[in-house]
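Laboratory data are not the source of any read-out in this text; all were calculated from the coordinates shown. As the structure is a computational prediction, the values presented were derived from the model and not from experiment. With ideal geometry, Cβ positions are generated from the backbone for all residues, glycine too; neighbour counts draw on all protein chains shown.
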Amino acid sequence: MLNKKVEKALNDQIKVEADSSHAYLAMASWAEINGYPGASAFLYAHSDEERMHMLKLIKFVNDRGGKAIIPSVSEPGKDFKNLKNIFDLLLSHEHNVTAAINNVVDVCLKEKDYTTHNFMQWYVSEQIEEETLAHHIIDQLNLIGNDKGALYFFDRDVANMKGAAPSGGQAK
Ligand code: FEO
């Protein structure tokens with residue numbers, strides 16, 4: 001049986017991933033209707049990835065004899081100023097996700113649950129990748145500033161960065 005404290009931490013993380021998926025879905029939709037098809041594809045795919053992160057946790061909890069709790073999701077933001085604003089929010093959101101994952105890892109160590117600790121290492125690595133990518137994108141947007149031509153090319157290129165599937169639908 002899954003340790004109860006670990007189970008609670010994993011269920012909390014299920015909600016974090018569900019909220020992340022929802023937050024990026026709202027951003028994808030905004031980008032779609034504001035003339036950024038590339039960023040929209042990236043964000044739709046990122047939203048799908050977060051759903052996959054959530055599903056992976058649900059399966060793990062249930063497979064280990066626990067009970068996954070399917071959470072209600074928090075209302076996502078909807079009033080975005082521009083792409084820079086979106087990616088700043090995305091990075092700040094990912095910092096919070098990393099803190100949440102570190103908390104799960106901490107509970108695993110305190111409870112001596114090395115199996116779940118091992119499982120969580122995938123999330124630890126994933127966070128490093130996601131934060132690095134978000135930093136990289138924000139650096140590019142800072143360089144671009146208000147240059148509309150450069151923004152056009154950025155939007156075209158961001159569609160092909162990790163996280164964006166051509167269909168806008170597949171998790172990696
Ligand atoms: Fe699943 Fe981007 O954290």
Per the rule of 0.36 nm per residue minus the C-alpha distance, extending M52 to I128 adds in nm 25.6 nm
Sorted by Cβ density within 10 Å, fewest first, the residues D19, D63: D63, D19
Going fewest to most other Cβ atoms within 10 Å around each Cβ, I144, I69 line up as I69, I144
Classified through the alpha carbon gyration tensor (a ≥ b ≥ c as square roots of its eigenvalues; rounded if a/c is under 1.5, else prolate when a/b is larger than b/c, else oblate), the chain comes out prolate
For region 1-137, the charge dipole (Cβ of Lys, Arg +1; Cβ of Asp, Glu -1; about the Cα centre) points to a positive end, and the Cα of V105, N34, A134 closest to that extreme belongs to V105
Over what distance in Å are the Cα centres of region 38-85 and region 92-159 separated? 13
